[in-house]
Every structure is written in structure tokens, then in C-alpha cells.
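Below is one structure, written out as C-alpha cells, with a few remarks after it.
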Amino acid sequence: MARFSLGRSLFISKFFWLAINISFFNGAAAHLKRNTSQNNRTATTLTHLTPAQRDFDSFNLDGALYNPSRTYISLSSLPSSCSVNQKLGERCLTEMRAVNVTYDDCSDAWTLCHCSSANITLEDSMSRLGKVPVGLRKFIGTTLVFPAEEAHAYTLTNGDIYFFGELDTDSWIHEASHAYDYAFGDPVSGRQDWLDAIGNDTCATDVYGMTNEAEEFAQSSILKIFSLIYGSLPPGWNASSMSHQQKFLDSLPLYDKNTLFADTCATISDATHQDSQIAAVRPIKSNGPLPNPNAPLRIDPSADPIVSLIDRVPQSIASDPSERNSALSSGKSWLFGSISFVILIL
């Protein structure tokens, strides 16, 4: 999500022969192949909805989210999750740097790969990653930051997130919500109770949320985090028009604010919760004791979330539907014989 003023986009223009025998690609495609029923996802279940707002430009969560202190170490070589992109797109024509960054709310480290010519600095990249609430951040794999004239992002089903250009904190939360969505094999946004919730409401989050159920889930996640901090949805969003979707999110352990905004990345076994039908496909960070429910939450509800539209400088976002339709969140996948393409979540 790049503020979705005109809708995020991704155009995957890879030379297909480079995908042959790359284990990273094969693994991702194999994971998707197990979820064939969810690959051809369309917006048909949202056609009865009206967007509550055109976009999310009227608010920003950045000031209310805790900015944890951090330490990091530089890696002597690029991990495979970063170096494969160098082969496939040469997105970084300058120096690519990899670090392991540790925040004060979790003793585990996150790997972040940053291109020296990216639109934001390494420090800003680590800051925005850290502002993703720890209960959601723990589902993120490797984060990669690249330069781009048109800001966009996508998330792999293994939790790796690719950011291009400059994207705000809400965009990072959107992508992290995709990582959570696919963390348990079958996507949470493909569950029948989520589809029923959409079917029983009258409004979608915004125009971009109308893309399909996965994008509506990620956009709803931002609104849910807003409501957990401020006690209500942002001005302009009517809670009753999307109450079933918000109630569905309330049923997910992810949105327990005592752990979402905690000072630890510990987690109760997801096997006990209804949002994990099968074992997680990757390790979940689980260090440290569970937080004290009475402990102060790491948020600042006094921060003003309302953005002045007069002062706001809009980002340039491509809106070609053919580009959006090339990704998993637009419901498309292609397999040519033994050649596996990575299907990405916008």
C-alpha cells in the first residue's frame, strides 16, 4: 500500500527463464500450489459494497505507534532472500546492504536488505519496520527496500516484503497484514467467516479494499489498529457499515492489544486459536514471557492522526489494472511447465 490514493500496483516483468531451478521460486510456487482454491480470487464478494472513503489519505498512524530503540549488525554477505532479487530484476544497481536489526520489544532479529540508492535511508527503513506493532511484526520475514519512481510494495507468502520507493508506516502495516494473512497456509482472508462478514456489511474500507478479499483484509487491519489506539474508526468511516468485518478481526488473537502493542514478541500457541487451521509455514518469534495485561501499552493515543490534505504531498502511484492483476492479491497465477513464477501479494 502506498497510501492507495490511486491504488497500489505491481508489474512483474521478470525474464521467465531465470526462474528455472531457483529453489526460492520453486518453494514459493509450491506453497501457492497447495492453495489453488485461493489463487483465483476476484472481487465478486465485494461487488455489493460501497467504499467508505476513496483512500486513507485523511489519517496516519505514525505518531501514535511506539518507535522502539534498536541495535543492528551488518551482515558480511547477502542472504539468499536478498540476493535472488539481484539476479531477477537488478532492482539495486548500486550497493545492497543487509543487516540484522533487533528492537527493544523482541530479542529476535529481523533481516533487512537496503539498497543504497533507495528513496529512504537504512535508518528510516529500520524505524518504519520497528513501528509495525510487535504482535504483527513477528510475522514478517525478510524486508527489502529498493528505489522506485512510483512507490509500491508486495509481500511473498513466506512473509518477505519488498518495498519500492517511499511508503509511509500505514503501508508497512498493510504489507505486514498480508504476511499474517498467509502465515498459516490457507489465507485468513479466504476463510468463509471472513467472506460472510464482507457479505453482511454495506461498505468496504476504501476503493483499494474493493480489489479483493485479501486487500480488504489488509486495509481493514489498518482501521482495526486505528480503532484499538483511538477507540473508534477514523472520522469519515461509519462503524455500523463494516461492523461484521471489524467483528471478525476482533475474533483473531492478533488484534488483542495486550499482545499486539506489547513489549515482547512472545505468542500463545496459535494451534489453540481459530485463525490457524494448520501449522504455521515459518517460525514465529516467541522469545520472552507474555506481557502483563496491566502493563502500559506501547502506543500514544494523544497523537493527532488527522492529516491536513492541504499540506499533504501526494505520492505518484501507478494505477494500470493490468499491473495489479499480475499479482496474487488480484487473483492470478501462471505455471508454464516446469517454470515456477513467484506469486506476490500486493
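Order the peptides 176-185, 232-241 from the highest to the lowest mean number of other Cβ atoms within 10 Å of their residues.
Working: 176-185: 24.8, 232-241: 14.1.
Output ranking for 176-185, 232-241: 176-185, 232-241.
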With eigenvalues of the C-alpha gyration tensor scaled by 5 and rooted, the stretch 155-218, Å: 22, 16, 7
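Read-outs: derived from the displayed coordinates by stated rules, not from any lab. Note that the structure is a prediction, hence the values are computed from the model and not measured. All Cβ positions, glycine included, derive from the backbone under ideal geometry; neighbour counts span all protein chains shown.
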